[in-house]
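I have placed the structure first, in the form of structure tokens, so that the comments after it can refer back to it.
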Amino acid sequence: MAGFKGKSFLKTSDYTKFELETLIDFSIELKHKKRHQLPHPYLKGKNIALIFEKPSTRTRAAFSVAAKDLGAHVDTYSAGDFHLGVKESIADTAQVLGRMYDGIEFRGFQQAHVETLSLASGVPVWNGLTDEWHPTQMIADFMTLKEHFGTLEGKTLTYVGDARNNVAHDLLVTGAILGVNIHIAAPESAQPDLEVQHLAETFAAKSGAQLHITNNVQEAVYQTDVIYTDVWLSMGRETSEWGSRIELMLPYQVNAELLAQTHQPHTIVMHCLPAFHDLETKTAQTLYQQFGVEAMEITDEVFNGKHSVVFEQAENRLHSIKAILAATLGDVF
Ligand code: CP
């Protein structure tokens, strides 16, 4: 793991194709170790701070369990626990935390904040999601692909739905770095930011990944290996936007008809979660009463169907975050 030690994990574009592949392979190795109860205490004696400005289930649980499996002690802080950005600047808070903790995870709004934390703290900082990027999710996602197909070589992932968000942006850029073909099917107003498209094109020119962005969903999913979707409104967006969102996005819902359009029996379905696939949440109930829709970005039939790997993907958050923590803070060799 030479080259990783002491480095922050803020966005995948800070890492080379080889480094990302190393993290993916190390995640698979650590999953094997966990399954076979082989000890891996690479962070024994370390103290880690987990800071969440936004809610989280998977990322929070994965960081907490991963750090503990690695032998570290963890403290978790929510929005409001800290003076961060309210009574004390992020740089000042970072300097304090960096003198007490060996590493810091941060989930928040602005990428600039996680970058400042990293610069000012002097310890590895891990991005647990910002409005711009979701890099730990990417290692889990491409790990899931590699586990399922045995290789990333020649594979095509098609993202369907709202593609102007952190997950779609990150899949486009990370896929381009790794040489995985990325198709995006989204209405024109919800396609990735041009700046992100240009960044991805630069990496694709080097890796050979084929990038294809279109509003034609049938064309995008034809012969794809993976269909990936995410919620139609990201965290923190106004619920008053839902009506127009649903109208715009319904043609991009991942359902049985769309899955059949791949004309491939082996296509897998991924979602970073949480998902609106049934009426078992308060939000889904409210939206059903207002708009009459039983599912949003993915139907329950597909979410729970035989092509879905969403819970394997969720479990892989643990193994991949563990790999990132161990590589950047641990004595792996
Ligand atoms: N996918 C993801 O980041 O999940 P959480 O919001 O639950 O952490």
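The values are calculated or read from the model by the stated rules, or taken from the named source; none is laboratory data. If you're wondering where the values come from, they're calculated on a predicted model, not measured in any experiment. Cβ placement follows ideal geometry from the backbone for every residue including glycine, while neighbour counts extend to all protein chains displayed.
Residues being closer than 18 Å to Val160 by Cα, at pLDDT 95 or above, part of a helix (DSSP H, G or I) and among the aromatic types (Phe, Trp, Tyr) are represented in the stretch 249-265 by at least one member.
Applying the criterion of being of a type in the set (S, T, N, Q) and away from the ligand (no atom under 14 Å from the Cβ) to the residues of the stretch 103-141, the residue that is surrounded by the fewest Cβ atoms within 10 Å (Cβ to Cβ) is Gln110.
Take the residues of the stretch 270-311 that are among the small types (Gly, Ala, Ser) and out of contact with any helix residue (DSSP H, G or I) (no Cβ under 9 Å at 6 or more places or on another chain): which is modelled with the highest pLDDT? Looking at residues that are among the small types (Gly, Ala, Ser) and out of contact with any helix residue (DSSP H, G or I) (no Cβ under 9 Å at 6 or more places or on another chain), I get Gly292. Residues that are aliphatic (A, V, I, L, M), surrounded by fewer than 24 Cβ atoms within 10 Å (Cβ to Cβ) and more than 16 Å from the ligand (Cβ to nearest atom) do occur in the stretch 142-152, at least one of them.
Checking each residue in the stretch 2-50 for being on the phi > 0 side of the Ramachandran plot and touching a residue at least 24 places away in the same chain (Cβ under 8 Å) picks out Gly6, Gly45.
There is no residue in the stretch 165-174 that is closer than 14 Å to Val217 by Cβ and in a loop (DSSP other than H, G, I, E, B). Test Ala200 against the criterion of being under 25 Å from Phe149 (Cα atoms) and in contact with a Leu (Cβ under 6 Å, 6 or more places away or on another chain), and give yes or no. It is true that Ala200 is under 25 Å from Phe149 (Cα atoms) and in contact with a Leu (Cβ under 6 Å, 6 or more places away or on another chain). The residue that is farthest from the ligand (Cβ to nearest atom), among those in the stretch 55-72 that are buried (at least 17 other Cβ atoms within 10 Å of the Cβ) and under 17 Å from Leu273 (Cα atoms), is Phe63.
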